[in-house]
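Working notes, beginning with the structure itself.
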Amino acid sequence: MTAAAPAPPAAPAARKRPQGTLGRLAGALHRRPRLRLALLLTAPLLWLAVLYLGSLAMLFVSAFWTTNSFTSQVVRVWSTDNLRAVLTTPVYREVIVRSVGVALAVTVLCAVIGFPLAFFTARVAPRRWRPLLVVAVLTPLWASYLVKVYAWRLILSEGGLADWMLRPFGLDGPGFGLPAAVLTLTYLWLPYMILPVHTALAQLPAGLLEASADLGARPARTFRSVVLPLVLPSVAAGSVFTFSLSLGDYITVQIVGGKTQLIGNLVYSNIELNLPMAAALGLVPVVVIVLYLLALRRTGALSGL
(Lines give C-alpha, C1' and ligand atoms only; values in the text may rest on other atoms or scores of the structure.)
Protein backbone atom coordinates (compact mmCIF):
# COMPACT_ATOMS: atom_id res chain seq x y z
CA MET A 1 0.00 0.00 0.00
CA THR A 2 1.19 3.39 -0.86
CA ALA A 3 1.50 5.92 1.92
CA ALA A 4 -1.20 8.57 2.03
CA ALA A 5 -0.16 11.98 0.76
CA PRO A 6 0.47 14.46 3.54
CA ALA A 7 -2.37 16.89 4.16
CA PRO A 8 -1.77 20.40 2.88
CA PRO A 9 -0.74 22.87 5.57
CA ALA A 10 -3.59 24.71 7.14
CA ALA A 11 -4.11 28.22 5.91
CA PRO A 12 -2.97 30.81 8.40
CA ALA A 13 -5.74 32.24 10.44
CA ALA A 14 -6.98 35.53 9.15
CA ARG A 15 -5.61 38.46 11.12
CA LYS A 16 -8.28 39.87 13.27
CA ARG A 17 -9.08 43.48 12.67
CA PRO A 18 -9.47 45.72 15.66
CA GLN A 19 -13.09 45.91 16.66
CA GLY A 20 -15.05 48.70 18.31
CA THR A 21 -14.97 52.47 18.08
CA LEU A 22 -11.36 52.72 19.18
CA GLY A 23 -10.24 50.24 16.54
CA ARG A 24 -12.10 52.03 13.76
CA LEU A 25 -10.62 55.35 14.89
CA ALA A 26 -7.11 53.89 14.92
CA GLY A 27 -7.63 52.51 11.43
CA ALA A 28 -8.92 55.82 10.14
CA LEU A 29 -5.92 57.67 11.59
CA HIS A 30 -3.55 55.06 10.16
CA ARG A 31 -4.94 55.63 6.67
CA ARG A 32 -4.84 59.45 6.97
CA PRO A 33 -1.37 60.66 8.00
CA ARG A 34 -2.29 64.30 7.41
CA LEU A 35 -5.15 64.00 9.85
CA ARG A 36 -2.75 62.53 12.44
CA LEU A 37 -0.39 65.46 11.93
CA ALA A 38 -3.22 67.97 12.23
CA LEU A 39 -4.46 66.44 15.48
CA LEU A 40 -0.92 66.33 16.83
CA LEU A 41 -0.29 70.03 16.14
CA THR A 42 -3.72 71.36 17.11
CA ALA A 43 -3.05 71.72 20.85
CA PRO A 44 0.35 73.51 20.63
CA LEU A 45 -0.89 75.76 17.80
CA LEU A 46 -3.96 76.74 19.82
CA TRP A 47 -1.71 77.44 22.79
CA LEU A 48 0.52 79.62 20.60
CA ALA A 49 -2.36 81.45 18.93
CA VAL A 50 -4.51 82.08 22.00
CA LEU A 51 -1.97 82.72 24.74
CA TYR A 52 1.08 84.08 22.93
CA LEU A 53 -0.21 85.77 19.80
CA GLY A 54 -3.42 86.74 21.60
CA SER A 55 -1.48 88.46 24.37
CA LEU A 56 0.64 90.31 21.81
CA ALA A 57 -2.53 91.44 20.04
CA MET A 58 -3.98 92.73 23.33
CA LEU A 59 -0.69 94.50 24.05
CA PHE A 60 -0.85 96.22 20.68
CA VAL A 61 -4.49 97.23 21.13
CA SER A 62 -4.10 98.52 24.70
CA ALA A 63 -1.22 100.75 23.59
CA PHE A 64 -3.84 102.91 21.81
CA TRP A 65 -5.97 103.42 24.92
CA THR A 66 -5.62 106.22 27.45
CA THR A 67 -5.65 106.55 31.23
CA ASN A 68 -7.71 108.76 33.49
CA SER A 69 -5.17 111.04 35.13
CA PHE A 70 -7.20 111.24 38.38
CA THR A 71 -8.20 107.59 38.95
CA SER A 72 -5.50 105.84 36.83
CA GLN A 73 -8.28 103.77 35.28
CA VAL A 74 -7.90 102.65 31.68
CA VAL A 75 -10.18 104.53 29.30
CA ARG A 76 -10.89 102.66 26.07
CA VAL A 77 -10.61 105.72 23.86
CA TRP A 78 -8.44 105.32 20.79
CA SER A 79 -5.42 107.61 20.68
CA THR A 80 -1.86 107.57 19.42
CA ASP A 81 -0.57 109.79 22.23
CA ASN A 82 1.29 106.95 23.96
CA LEU A 83 3.17 105.86 20.85
CA ARG A 84 3.94 109.47 19.99
CA ALA A 85 5.29 110.04 23.49
CA VAL A 86 7.52 106.95 23.28
CA LEU A 87 9.02 108.15 20.00
CA THR A 88 9.37 111.85 20.79
CA THR A 89 10.15 112.07 24.53
CA PRO A 90 13.94 112.42 24.97
CA VAL A 91 13.99 110.30 28.15
CA TYR A 92 12.23 107.40 26.46
CA ARG A 93 14.46 107.57 23.41
CA GLU A 94 17.57 107.60 25.59
CA VAL A 95 16.37 104.56 27.52
CA ILE A 96 15.54 102.70 24.29
CA VAL A 97 18.99 103.40 22.84
CA ARG A 98 20.63 102.37 26.11
CA SER A 99 18.62 99.13 26.23
CA VAL A 100 19.57 98.18 22.67
CA GLY A 101 23.21 99.05 23.40
CA VAL A 102 23.22 96.83 26.50
CA ALA A 103 21.67 93.94 24.57
CA LEU A 104 24.26 94.29 21.79
CA ALA A 105 27.13 94.54 24.30
CA VAL A 106 25.97 91.42 26.13
CA THR A 107 25.64 89.56 22.82
CA VAL A 108 29.14 90.55 21.69
CA LEU A 109 30.67 89.61 25.04
CA CYS A 110 28.88 86.25 25.03
CA ALA A 111 30.18 85.55 21.51
CA VAL A 112 33.75 86.59 22.37
CA ILE A 113 33.83 84.58 25.59
CA GLY A 114 31.65 81.69 24.46
CA PHE A 115 33.40 80.83 21.20
CA PRO A 116 36.79 79.88 22.74
CA LEU A 117 35.05 77.95 25.52
CA ALA A 118 32.90 76.09 22.99
CA PHE A 119 35.96 75.34 20.83
CA PHE A 120 37.77 73.90 23.84
CA THR A 121 34.84 71.74 24.96
CA ALA A 122 34.15 70.49 21.41
CA ARG A 123 37.58 70.11 19.77
CA VAL A 124 40.42 70.39 22.31
CA ALA A 125 39.33 68.63 25.50
CA PRO A 126 39.71 64.83 25.70
CA ARG A 127 36.60 63.02 24.54
CA ARG A 128 35.87 61.48 27.93
CA TRP A 129 35.77 64.94 29.50
CA ARG A 130 33.53 66.63 26.94
CA PRO A 131 30.18 65.47 28.38
CA LEU A 132 31.27 66.64 31.83
CA LEU A 133 32.28 70.02 30.43
CA VAL A 134 28.88 70.38 28.76
CA VAL A 135 27.25 69.59 32.11
CA ALA A 136 29.47 72.23 33.72
CA VAL A 137 28.23 74.77 31.16
CA LEU A 138 24.63 73.81 31.91
CA THR A 139 25.01 73.83 35.69
CA PRO A 140 24.45 77.62 36.13
CA LEU A 141 21.09 77.25 34.37
CA TRP A 142 19.92 74.94 37.16
CA ALA A 143 20.41 77.62 39.82
CA SER A 144 17.77 80.22 40.62
CA TYR A 145 17.88 83.41 38.58
CA LEU A 146 17.66 85.59 41.70
CA VAL A 147 20.35 83.61 43.50
CA LYS A 148 22.79 84.22 40.64
CA VAL A 149 21.98 87.93 40.42
CA TYR A 150 22.32 88.47 44.17
CA ALA A 151 25.59 86.53 44.11
CA TRP A 152 26.89 89.03 41.56
CA ARG A 153 25.60 91.85 43.75
CA LEU A 154 27.84 90.54 46.54
CA ILE A 155 30.78 90.18 44.14
CA LEU A 156 30.42 93.72 42.79
CA SER A 157 29.55 95.46 46.04
CA GLU A 158 32.02 97.71 47.85
CA GLY A 159 34.55 95.50 49.61
CA GLY A 160 33.36 92.48 47.67
CA LEU A 161 35.30 89.92 45.67
CA ALA A 162 35.85 92.27 42.71
CA ASP A 163 37.41 94.93 44.95
CA TRP A 164 39.56 92.32 46.71
CA MET A 165 40.93 90.98 43.40
CA LEU A 166 41.57 94.38 41.80
CA ARG A 167 42.95 96.23 44.84
CA PRO A 168 46.53 94.81 44.43
CA PHE A 169 46.60 96.45 40.97
CA GLY A 170 45.43 99.79 42.32
CA LEU A 171 41.95 99.39 40.82
CA ASP A 172 38.46 99.30 42.24
CA GLY A 173 35.55 97.08 41.31
CA PRO A 174 32.91 98.36 38.89
CA GLY A 175 30.35 98.77 41.68
CA PHE A 176 26.70 99.09 40.77
CA GLY A 177 25.72 100.64 37.46
CA LEU A 178 25.60 99.96 33.75
CA PRO A 179 28.90 97.98 33.58
CA ALA A 180 27.70 95.77 36.46
CA ALA A 181 24.42 95.11 34.64
CA VAL A 182 26.27 94.15 31.45
CA LEU A 183 28.63 91.80 33.33
CA THR A 184 25.79 90.12 35.19
CA LEU A 185 23.65 89.68 32.08
CA THR A 186 26.65 88.25 30.22
CA TYR A 187 27.10 85.64 32.95
CA LEU A 188 23.39 84.81 32.99
CA TRP A 189 22.99 84.23 29.24
CA LEU A 190 26.47 82.91 28.33
CA PRO A 191 25.35 79.22 28.28
CA TYR A 192 22.79 80.06 25.59
CA MET A 193 25.67 81.09 23.34
CA ILE A 194 28.07 78.28 24.25
CA LEU A 195 25.68 75.37 23.66
CA PRO A 196 24.74 76.00 19.99
CA VAL A 197 28.34 76.90 19.10
CA HIS A 198 29.59 73.76 20.87
CA THR A 199 27.13 71.64 18.88
CA ALA A 200 28.22 73.18 15.58
CA LEU A 201 31.92 72.74 16.35
CA ALA A 202 31.40 69.15 17.48
CA GLN A 203 29.75 68.34 14.14
CA LEU A 204 32.51 70.04 12.14
CA PRO A 205 34.35 67.35 10.08
CA ALA A 206 37.96 67.06 11.13
CA GLY A 207 38.89 66.41 7.51
CA LEU A 208 38.06 70.00 6.59
CA LEU A 209 40.57 71.37 9.07
CA GLU A 210 43.22 68.87 7.94
CA ALA A 211 42.58 69.68 4.28
CA SER A 212 42.92 73.39 4.97
CA ALA A 213 46.21 72.81 6.75
CA ASP A 214 47.46 70.56 3.93
CA LEU A 215 46.71 73.33 1.43
CA GLY A 216 48.95 75.68 3.36
CA ALA A 217 46.35 77.77 5.15
CA ARG A 218 47.41 79.27 8.45
CA PRO A 219 45.17 78.83 11.52
CA ALA A 220 43.75 82.34 11.14
CA ARG A 221 42.86 81.69 7.49
CA THR A 222 41.34 78.31 8.39
CA PHE A 223 39.21 79.94 11.05
CA ARG A 224 38.09 82.74 8.75
CA SER A 225 37.41 80.66 5.63
CA VAL A 226 36.40 77.25 6.99
CA VAL A 227 35.29 77.35 10.62
CA LEU A 228 33.50 80.69 10.84
CA PRO A 229 31.15 80.23 7.83
CA LEU A 230 30.03 76.85 9.16
CA VAL A 231 29.58 78.01 12.76
CA LEU A 232 28.09 81.44 12.03
CA PRO A 233 24.46 80.17 11.96
CA SER A 234 24.93 78.75 15.46
CA VAL A 235 26.42 82.04 16.66
CA ALA A 236 23.39 83.79 15.16
CA ALA A 237 21.06 81.37 16.95
CA GLY A 238 22.80 82.01 20.26
CA SER A 239 22.71 85.76 19.67
CA VAL A 240 18.93 85.64 19.33
CA PHE A 241 18.70 84.31 22.88
CA THR A 242 21.29 86.64 24.40
CA PHE A 243 19.94 89.72 22.63
CA SER A 244 16.25 89.14 23.34
CA LEU A 245 16.76 88.05 26.96
CA SER A 246 18.98 91.05 27.68
CA LEU A 247 16.64 93.49 25.98
CA GLY A 248 13.65 92.46 28.06
CA ASP A 249 15.40 92.02 31.41
CA TYR A 250 14.60 94.42 34.24
CA ILE A 251 15.29 92.50 37.47
CA THR A 252 19.07 92.42 37.01
CA VAL A 253 19.16 96.16 36.37
CA GLN A 254 17.13 96.79 39.52
CA ILE A 255 19.49 94.70 41.65
CA VAL A 256 22.96 95.61 40.28
CA GLY A 257 22.26 98.48 37.90
CA GLY A 258 22.18 101.27 40.47
CA LYS A 259 20.25 104.19 38.98
CA THR A 260 20.38 102.76 35.45
CA GLN A 261 17.02 102.45 33.70
CA LEU A 262 16.29 100.12 30.78
CA ILE A 263 13.13 99.62 28.79
CA GLY A 264 12.00 96.76 31.04
CA ASN A 265 12.17 98.99 34.11
CA LEU A 266 9.97 101.60 32.44
CA VAL A 267 7.40 98.96 31.51
CA TYR A 268 7.39 97.64 35.09
CA SER A 269 7.06 101.09 36.66
CA ASN A 270 4.08 101.99 34.43
CA ILE A 271 2.11 98.75 34.86
CA GLU A 272 0.10 99.94 37.85
CA LEU A 273 -0.30 103.64 37.09
CA ASN A 274 -0.46 103.82 33.29
CA LEU A 275 -1.13 100.48 31.64
CA PRO A 276 -1.52 101.87 28.07
CA MET A 277 1.88 103.60 28.33
CA ALA A 278 3.39 100.36 29.64
CA ALA A 279 1.90 98.57 26.63
CA ALA A 280 3.32 101.19 24.25
CA LEU A 281 6.75 100.80 25.85
CA GLY A 282 6.39 97.02 25.73
CA LEU A 283 5.95 97.18 21.97
CA VAL A 284 9.47 98.57 21.61
CA PRO A 285 11.32 95.30 22.47
CA VAL A 286 8.95 93.38 20.19
CA VAL A 287 9.68 95.67 17.25
CA VAL A 288 13.43 95.73 17.96
CA ILE A 289 13.65 91.93 18.13
CA VAL A 290 11.68 91.56 14.88
CA LEU A 291 14.08 94.00 13.18
CA TYR A 292 17.04 92.09 14.65
CA LEU A 293 15.74 88.81 13.24
CA LEU A 294 15.17 90.40 9.85
CA ALA A 295 18.72 91.78 9.88
CA LEU A 296 20.13 88.34 10.68
CA ARG A 297 18.03 86.82 7.93
CA ARG A 298 19.31 89.31 5.36
CA THR A 299 22.90 88.43 6.22
CA GLY A 300 22.12 84.74 5.57
CA ALA A 301 23.26 83.72 9.05
CA LEU A 302 19.98 81.94 9.74
CA SER A 303 19.80 80.03 6.45
CA GLY A 304 21.68 77.02 7.84
CA LEU A 305 19.56 76.61 10.95
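Details
- Residue list for the range 149-193, restricted to those being open to solvent by less than 60 Å² (accessible area, probe 1.4 Å), of a type in the set (A, V, I, L, M, F, W, C) and in contact (Cβ under 8 Å) with a residue 24 or more places away in the chain: VAL149, TRP152, LEU156, ALA180, ALA181, VAL182, LEU185, LEU188, TRP189, LEU190, MET193
- Within the range 85-102, residues that are in contact (Cβ under 8 Å) with a residue 24 or more places away in the chain and part of a helix (DSSP H, G or I) sit with their Cβ atoms under 7 Å from residues that are surrounded by 13 or more Cβ atoms within 10 Å (Cβ to Cβ) and among the polar types (S, T, N, Q), at 6+ positions apart or across chains, in these pairs: VAL95/GLN261; VAL102/SER246.
- Conditions (1) open to solvent by 70 Å² or more (accessible area, probe 1.4 Å); (2) in a helix (DSSP H, G or I); (3) modelled with pLDDT of 85 or more; number of the one not met by LEU208: (3)
- Taking the conditions (1) free of Cβ contacts under 8 Å to residues at least 12 places away in the same chain; (2) of a type in the set (Phe, Trp, Tyr); (3) loosely packed, with under 10 Cβ neighbours inside 10 Å in turn, TRP78 satisfies each one other than (1).
Residue by residue, here is whether (1) open to solvent by less than 50 Å² (accessible area, probe 1.4 Å); (2) of a type in the set (Asp, Glu); (3) within 28 Å of GLY257 (Cα to Cα) holds:
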{"position": "TYR52", "(1), (2), (3)": "no, no, no"}
{"position": "THR66", "(1), (2), (3)": "yes, no, no"}
{"position": "GLU94", "(1), (2), (3)": "no, yes, yes"}
{"position": "VAL97", "(1), (2), (3)": "no, no, yes"}
{"position": "CYS110", "(1), (2), (3)": "yes, no, yes"}
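- With respect to the conditions (1) more than 27 Å from VAL240 (Cβ to Cβ); (2) in contact with a helix residue (DSSP H, G or I) (Cβ under 7 Å, 6 or more places away or on another chain); (3) not hydroxyl-bearing (Ser, Thr, Tyr), ALA202 falls short on a single one, namely (1).
Listed here are the residues, each with its yes/no results for (1) under 30 Å from the mean Cα position of the chain (by Cα); (2) in a helix (DSSP H, G or I).
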| site | (1), (2) |
| --- | --- |
| LEU22 | no, yes |
| GLY27 | no, yes |
| LEU46 | yes, yes |
| TYR52 | yes, yes |
| VAL61 | yes, yes |
| THR71 | no, no |
| VAL108 | yes, yes |
| ARG128 | yes, yes |
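The values are calculated or read from the model by the stated rules, or taken from the named source; none is laboratory data. Here the structure is a predicted model, which is why all the values come from computation and not from measurement. Cβ atoms come from the backbone with ideal geometry, glycine included; neighbour counts cover every protein chain shown. Calculation scope for accessible area: heavy atoms of the full protein, side chains included, ligands and nucleic acids excluded. Shrake-Rupley method; radii C 1.70, N 1.55, O 1.52, S 1.80 Å.
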